[in-house]
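Below is one structure, written out as structure tokens; comments come after it.
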Amino acid sequence: MALGKSAYRQNKSLLKGLSLLAEMNRSANASCMIADLAKATGIHRTTVKRLLETLKEAGYVEHDVVTNLYRLTFRVQQLSYGYRDTTRITEVAWPHMRSFSQKMVWPCSLVAPEGDEMVVRISTRPYSRLSFHPGMPGRRLPVLTTAAGRAYLAYASEASRETILNMLEGRSALVTGTSLKNSEFIQTLLEQTRERGYALNQGEWEDEPKFSAFAMPICNENKEAIVSLNVVFLTSALKDKNRQEELLHEFAETVKKIEFDYFNQTVDKTE
């Protein structure tokens, strides 16, 4: 037998199923139609449908009857090394996020830290009539100029905050020769965020100068941020303070519901 060659025949159905998961993972919002998957993988449409329904039954895929898209669920993340709390929070948060955007129209995203950036884990942008561009999962956001980053940094554990600031300082020193770690701007920003109870971005992120955002942390039992949730809106469309306050109130209630369900599920899993 040749070196490295298995004595067992390959399970072609399993390989095809894995290729579908990989292709969906590369797609915007981890979602695809059957025709798109068939074209990208070369697998017959009937076979694609059968495999997707099998993956759906196993909990790795779900079908959105409104858009006719098949989407990866967060169970696929359990296949990777190091299952994290962010996975469970995302599962808990998603139905509340959908309800919020259905009621308030503006899109929201769950954002988690990764190194010295924030990464979108999931977003309701595809379901929002007032979303002007796709908020694809995997999109990277800066920490200091986005509401999501500011909310996380303000409520992160001291160790996490110091680590992020150290990384940001190193990057800033390379680019500008200046230090960020002891910046008065950062300290004031974090204090104001904690005093308000939410983070605010009013067009400071240069990639989206026409948009504003609110963000709040979703915290663990120690009141330390695990991830943050944001809601993004077109600044010119929401100038009225009363409408902003209504949006912020509903947003805060959504965060409370997510944390409540998350803590209850955590307790259930440990009992």
Note on Trp106: of the conditions (1) at pLDDT below 90; (2) more than 22 Å from Ala225 (Cα to Cα), unmet is (1)
Within the range 60-91, restricting to residues that are surrounded by 13 or more Cβ atoms within 10 Å (Cβ to Cβ) and either of a type in the set (Gly, Ala, Ser) or assigned to a loop (DSSP other than H, G, I, E, B) (or both), the one that is modelled with the highest pLDDT is Tyr60
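The values are calculated or read from the model by the stated rules, or taken from the named source; none is laboratory data. Quick caveat, the model's predicted, so the values are computed rather than measured. Backbone-built Cβ (ideal geometry, glycine too); neighbour counts: all protein chains shown.
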